[in-house]
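The structure appears below as structure tokens.
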Amino acid sequence: MSLTQRDIAAMPGETFPASGTQMLRTAKFQLPSQGDLDVSTEFPRGIGLDVYPQAAPAIVLIRTPFGSGTGFILEKDNRRWVLTNNHVVEDATVDMQAVAGVVEVRFGQLNDGEMRLSPDSIEAVIFKTDERRDLALLQLKKPLPKLACGISLAEKSLKPGEDCVAIGHPTRGALWTLRTGTISATGLFPQDFTDIVLETIRAKAERKDSVIKALQQIPSRNVVLSTCGVNPGDSGGPLLNAKAELVAVTFATPSPAGSGLDLNRFTYHVHLSEVRDFLKEIPQTPVQRVPDPWPAAVKFKFVDQDKNGRPETLVQLDADNQPIAFLFDLDQDSPSPKEKDFDRSHWDWELSVHVAGTPQAFYDTDNDGQFDRVRIVVKAEPMEIGELTLKEKSWSGRRLTSPVIDPSLFKSLELQKLAKQFASFK
């Protein structure tokens, strides 16, 4: 299959300039009723010029310790709700008191038809997330300025061929960049996508059932494809109709095979129906958010530190082969790992140490297969550590000055000894 879940994962690192044909489409020519043949100088303004001033002040910039994305204020209650993608806030800072994710939100003001970034920022707490739909709902800790507006949901979604507008904060462009386009298609991902359908059709009889069964295991969602050329950083931004109403939420574009320009690619958006379902229930308190012991990595390798023929260290690497994290199977009771068909559920680690970005360590202190303690550097100078502890299926947090890597946290003396042996970074 050429299109995979990874292909449309969080925004790729390529930019996609708008096609020159967009300008050609706006030109209007007419024949005069009499006299010499002439070309009219009349050009239609397009929907973007009307949509921008209505929607742009509601669109915010979201920052985490490792990146940025786009979000927008919902016209709901006191306008303190912000909608964005789940993957935009995955690296959010953890509030140790609330054990909830916190991000920085920056907003702007419209001045003479153009947006300007305001100097202040507001913290927002992650109240609800949905990994399948790739949506997240945030609540601002304080109200926005009076000039901020909100974006309301459209009564109905757009159909293929109808015009639409995307606004966001591309990392390789300007803040509040607008792009116009048309709806290309709507469908259920991945079932309705061409390469998936063709793969099912091509499958031989003995494989067809297994292909269909595998397809059913993939979480599906309704998506919209458009010709709006989005970039990294636009994730979480709104797709709007001519009335500046929300019809979808931008989440991805397929990664190009090479580094060259490809105007035949589409932008992917979360369908309006998925947004409506997501917003039906809003919790009274923010969802507890604990970091993931398995960071996103491009490559991995196994290391046998004690040379006993059985690797005890799984090293996760970035694209430049630099270490991101070390996951230690201290008691070496995992099945013999195979790099070709590695299943991470088979790697029974007791200590996971992240060395890229914010240093943090995850512990399975009682070796029951569930990590129950996390230590995170929340302040570098002077050093301050945040600790999350799992008790009776609920996490609590506190601040302390202990080290991130602390073998004494393990209840077993043997695990303490092995942690000192394998997890010593010098």
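Numbers below:
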{"quantity": "Single residue of Leu117, Leu140, Leu144 found to be surrounded by 15 or more Cβ atoms within 10 Å (Cβ to Cβ) and modelled with pLDDT of 90 or more", "calculated": "Leu140"}
{"quantity": "Residue list for region 147-162, restricted to those being surrounded by fewer than 17 Cβ atoms within 10 Å (Cβ to Cβ), touching a residue at least 40 places away in the same chain (Cβ under 8 Å) and farther than 11 Å from Val247 by Cα", "calculated": "Leu147, Glu162"}
{"quantity": "Test set (1) aliphatic (A, V, I, L, M); (2) in contact with a His (Cβ under 9 Å, 6 or more places away or on another chain); (3) loosely packed, with under 12 Cβ neighbours inside 10 Å - Ala380 fails condition number", "calculated": "(2)"}
{"quantity": "Some residue of region 83-104 being surrounded by 15 or more Cβ atoms within 10 Å (Cβ to Cβ), within 25 Å of Val51 (Cα to Cα) and hydroxyl-bearing (Ser, Thr, Tyr)", "calculated": "yes"}
{"quantity": "Residue that is farther than 13 Å from Phe328 by Cβ and not in a strand (DSSP E or B), where the choices are Gly386, Gly369", "calculated": "Gly369"}
{"quantity": "Arg179 being among the basic types (Lys, Arg), buried (at least 18 other Cβ atoms within 10 Å of the Cβ) and closer than 30 Å to Val290 by Cβ", "calculated": "no"}
{"quantity": "Top-ranked residue in region 274-296 [being part of a helix (DSSP H, G or I) and charged (D, E, K, R); ranked as farthest from Val247 (Cα to Cα)]", "calculated": "Asp277"}
{"quantity": "Check on Asn222, assigned by TED's automatic domain parsing to the domain that holds Pro190 and either part of a helix (DSSP H, G or I) or at pLDDT below 85 (or both)", "calculated": "no"}
{"quantity": "Region 387-426 - residue that is modelled with pLDDT of 90 or more and of a type in the set (Ser, Thr, Tyr) and, of those, farthest from Gln360 (Cα to Cα)", "calculated": "Ser412"}
{"quantity": "Count of residues meeting criterion [in a strand (DSSP E or B) and more than 11 Å from Val60 (Cα to Cα)] in region 88-114", "calculated": "10"}
{"quantity": "Residue match in region 413-420 (condition: touching a residue at least 24 places away in the same chain (Cβ under 8 Å), more than 25 Å from Ala297 (Cα to Cα) and touching a helix residue (DSSP H, G or I) at 6+ places or on another chain (Cβ under 9 Å))", "calculated": "yes"}
{"quantity": "Search result, residues across region 164-176 that are surrounded by fewer than 18 Cβ atoms within 10 Å (Cβ to Cβ) and either over 17 Å from Thr84 (Cα atoms) or outside the structural domain of Thr70 (by TED's automatic domain parsing) (or both)", "calculated": "Arg172, Gly173, Ala174"}
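The values are calculated or read from the model by the stated rules, or taken from the named source; none is laboratory data. Every value quoted in this text rests on a predicted model; they were computed, and no experiment measured them. Using ideal geometry, Cβ is built from the backbone for each residue, glycine included, and neighbour counts are taken over all protein chains shown.
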